[in-house]
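The values are calculated or read from the model by the stated rules, or taken from the named source; none is laboratory data. Every value quoted in this text rests on a predicted model; they were computed, and no experiment measured them. Glycine also receives a Cβ, built like all others from the backbone with ideal geometry; neighbour counts cover every protein chain displayed. Accessible surface areas use protein heavy atoms only, side chains included; no ligands, DNA or RNA. Shrake-Rupley method; radii C 1.70, N 1.55, O 1.52, S 1.80 Å.
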Amino acid sequence: MDQSITLNIPQDLSDEGWEKISAVYRSMDGWIDGKDFPYWYGTESDERCISVSFEPSGLLFTGNVNDDLWVGWLTQICAKLSVALGREIYDATM
C-alpha cells in the first residue's frame, strides 16, 4: 500500500499561491488539523495516512492507503489544485 507521486508544483510560487494550496489541503477528506506537516487520515505511525513534502521536483505526496482511496483522493486534489492555481496540475514524471 506504499504510494507516492510528485505533482508539477513549481518552487517559485507566490505567497498567494501557497495560501491557495493550503486552502485546498484543508478542504480535502481526511485532513488532520494542528500538525507540523500536512497529513490526511493519520501520521506515519498510523496504519493509514497520506502526507506531503516539498521537493525540488515538486510536491511529493506519499501514502499508506489502498489503491482505490489513493487514486480517488489524488484525482480530487489535482482537480482542486488546478482550479485554485489556474493551471493543470498532474504527475510531474509524466
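At-a-glance table
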item: Dipole moment magnitude, nearest 20 debye, segment 12-94 about Cα centre, only Lys, Arg, Asp, Glu C-beta charged; result: 200
item: From phi via Karplus (6.51, -1.76, 1.60), per-residue ³J(HN,Hα) for segment 31-46 in Hz, x at Gly/Pro; result: 3, 10, 7, x, 9, 5, 10, x, 9, 10, 6, x, 10, 4, 7, 8
item: Rounded percent of accessible protein surface that carbon and sulfur make up, the chain, 1.4 Å probe; result: 48
item: On Cα atoms only, tilt of 15-27 relative to the major axis of the chain in degrees; result: 30
item: Compactness of the chain, expressed as Rg and Dmax over alpha-carbon positions, Å; result: 12.5, 35
item: 3J(HN,Hα) from dihedral phi, segment 65-75, Karplus parametrisation 6.51/-1.76/1.60, rounded to Hz, x for glycine, proline; result: 9, 6, 4, 4, 5, 4, 5, x, 5, 5, 4
item: Separation between Cα centres of segment 1-19 and segment 24-94, rounded to whole Å; result: 9
item: Average accessible surface area per residue within the chain, 1.4 Å rolling probe, Å²; result: 60
item: Computed FRET value (nearest 0.05) for Ala23 with Asp91, which takes r as the C-beta separation and R₀ as 25 Å; result: 0.70
item: Under 5 Å, built H, 5+ apart or other chain: amide partners of Tyr90; result: Asn8
item: Dipole of the chain, positive end: most advanced residue of Gly72, Leu85, Ile5 [Cβ charges, Cα centre]; result: Leu85
